[in-house]
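The values are calculated or read from the model by the stated rules, or taken from the named source; none is laboratory data. Being a predicted model, the structure only gives us computed values, none of them experimental. Because the Cβ atoms are built from the backbone with ideal geometry, glycine has one as well, and the counts that use them run over all protein chains shown.
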Amino acid sequence: MLKVKGIHKAFGTLEVLKNVDLDVEKGDVVAILGPSGSGKTTLLRCINFLERADGGTLEFDGENFSFQHISKKEIARLRKKTAFVFQNYNLFLNKTALQNVTEGLTVARHMPKEQAQDIGKRALEKVGLADRCDYYPSQLSGGQQQRVAIARALATDPEIIFFDEPTSALDPELIGEVLAVMRRLASEGMTMLVVTHEMNFARDVSSRVIFMEGGVIVEAGTSKEFFGNPKEERTKNFLRTIGERFAPEE
Amino acid sequence: MSEELIALLADSFWKILKPGLLATIPLTLIAFSFALVIATVAALIQFANIKVLKQLVRFYIWVIRGTPLLVQLYVVFYGLPNLGILIDPFPAAILVFSINEGAYAAETVRAALEAVPSGQMEAGYCVGMSYLQIMRRIVLPQAMRTAVPSLGNGLISMLKDTSLASNITVLEMLMATQRIVARTYEALALYIEVGVIYLMFSTIFTMLQRAVEKRLNGYERKGRANA
């Protein structure tokens, strides 16, 4: 469904992505792991054109695009089929939870208000925040804000949701509620591409894992293979450094 | 204080207040409204980085902020007639005050736009909104909230600066006072009186500013209601 080929991105002289390939099938939950500075967030942001990659191609829904030469119109069209969940939520601060969710429907997709509110309320219900419709982001906890952000992503019925470290800004006790929502989405067959540091999530929920370091993909495979039987030495090291539980058996 | 003086002050209070209500306040409110429009457009042009227009806006702000308001009033009212352009005192004052305050307010609004976190824009794009939709519905409303205190200062400054319009024969509060002084020679008492009336007006404007701030701050309430 989504195929990235040879994506390349440099900030000045710093190469952040060095010809990375990526393939996501419908229903896949792909976790992108790696140490900070490995380029995983940049990869995600480039795929959604929040950063402009300077090389590579994107195949989405059977259509081909060049990262360098895609027009603004095509970017806008592609974005309407995808959704993005940010590390720091980025809820619209001047909108209530429900307005945050319906904004993309009424304004960007010209949906009638009543219909949008129906969808919005259902989306908020799904993330367990039906009673917080009229709250502003400043009145919600981090975990609640991130769940509103996920509801906002769901409301537009996207073909894929990109998650950029969705739990990294959260207090430890709030991480669980967000991961629970993501688990549920995964089990319902939502296609997800998730940059994360949550190893449990990557191991238990994702179908495939990509391990990046220094702007390249070091290892990619099913999560079972990746955690059970990693091939690359760097992957083994990474798993060892993040914790005993994930260390490959010798 | 003599009884005569008290009678004079009481008598002149309305004579000064009336041009205040008929000239000072309308001049301030009309010019400030135009200034807000000019400022918003100028700030958006700079924020969106529109090439040639941006240079024009920078030039406009540079000239207006770098020259005295009184000189600007003289150029328009006493200078333009040399080119055959005659403008009545009141419209001339509105024109100059709008353009002058517009330049200052443009910088305020631009700074406020830049203070809105870039994530707001990105989130807007990601839900499928266009640049203009995001500006209108997300970024501008948030920026205006940040800008209100500074804009309120601008409004109060302008209220006081309208006294300069007496120099181009606009019959506003200061000129009305000057006329009474010329007749009675009670300069101290009368100029203090007009000062008090200015203070009255600026107090009302300050209260207005607070009310607007409070309204716009709705979404920034600290603490969680019923959480």
Next item on the list: Name the helices (runs of 4 or more DSSP H) wholly inside region B:1-81 in which the number of residues that are surrounded by 15 or more Cβ atoms within 10 Å (Cβ to Cβ) and in contact with a strand residue (DSSP E or B) (Cβ under 7 Å, 6 or more places away or on another chain) is 3 or more.
Entry: none
Notebook entry, point to check: B:Leu86 versus (1) within 16 Å of B:Thr169 (Cβ to Cβ); (2) surrounded by 11 or more Cβ atoms within 10 Å (Cβ to Cβ): which is the lone unmet condition?
Noted result: (2)
Item checked: Criterion: on the phi > 0 side of the Ramachandran plot, buried (at least 21 other Cβ atoms within 10 Å of the Cβ) and in contact with a strand residue (DSSP E or B) (Cβ under 7 Å, 6 or more places away or on another chain) - qualifying residue of A:Gly39, A:Gly6 -> A:Gly39
Note to self: Just to check your reading of the model, which residue among B:Val212, B:Val170 is outside any helix (DSSP H, G or I), in contact (Cβ under 8 Å) with a residue 40 or more places away in the chain and either surrounded by fewer than 21 Cβ atoms within 10 Å (Cβ to Cβ) or touching a Pro at 6+ places or on another chain (Cβ under 7 Å) (or both)?
What the structure shows: B:Val170
Next item on the list: Those residues that are in contact with a Phe, Trp or Tyr (Cβ under 9 Å, 6 or more places away or on another chain) and within 11 Å of chain B (Cβ to nearest Cβ), I need them from region A:116-139; list them, please.
Entry: A:Tyr136, A:Pro137, A:Ser138, A:Gln139
Next item on the list: Determine whether B:Phe59 is over 20 Å from B:Leu36 (Cβ atoms) and in contact with a Pro (Cβ under 8 Å, 6 or more places away or on another chain).
Entry: no
Notebook entry, point to check: Do we find a residue being in contact (Cβ under 8 Å) with a residue 12 or more places away in the chain, surrounded by 21 or more Cβ atoms within 10 Å (Cβ to Cβ), among the aromatic types (Phe, Trp, Tyr) and within 14 Å of another protein chain (Cβ to nearest Cβ) anywhere in region A:87-96?
Noted result: yes
Note to self: Filter region B:109-153 down to the residues that are at the interface with chain A (Cβ under 10 Å from one of its Cβ atoms), touching an Asp or Glu at 6+ places or on another chain (Cβ under 8 Å) and surrounded by fewer than 16 Cβ atoms within 10 Å (Cβ to Cβ) and list them by number.
What the structure shows: none
Next item on the list: Could you give me the residue pairs with C-beta distances under 7 Å whose first residue belongs to region A:47-64 and is more than 23 Å from B:Ala123 (Cα to Cα), whose second residue is of a type in the set (Ser, Thr, Tyr) and surrounded by fewer than 17 Cβ atoms within 10 Å (Cβ to Cβ) wherever it lies, and which are 6+ apart or on separate chains?
Entry: A:Thr57/A:Ser66
Margin query: Being at pLDDT 95 or above and closer than 30 Å to B:Leu188 by Cα narrows it down to one residue among B:Val52, B:Val75, B:Val41, B:Val71; which is it?
Written below: B:Val71
Note to self: Being within 30 Å of B:Tyr219 (Cα to Cα) and either charged (D, E, K, R) or under 18 Å from the mean Cα position of the chain (by Cα) (or both) narrows it down to one residue among B:Gly119, B:Gly152, B:Gly128; which is it?
What the structure shows: B:Gly152
Notebook entry, point to check: Looking at region A:104-115, which of the residues that are in contact (Cβ under 8 Å) with a residue 12 or more places away in the chain and within 8 Å of another protein chain (Cβ to nearest Cβ) is nearest to A:Val127 (Cα to Cα)?
Noted result: A:Gly104
Item checked: Enumeration of residues in region A:38-70 that are touching an Asp or Glu at 6+ places or on another chain (Cβ under 9 Å), in a loop (DSSP other than H, G, I, E, B) and more than 14 Å from A:Thr82 (Cα to Cα) -> A:Ser38, A:Gly39, A:Phe67, A:Gln68
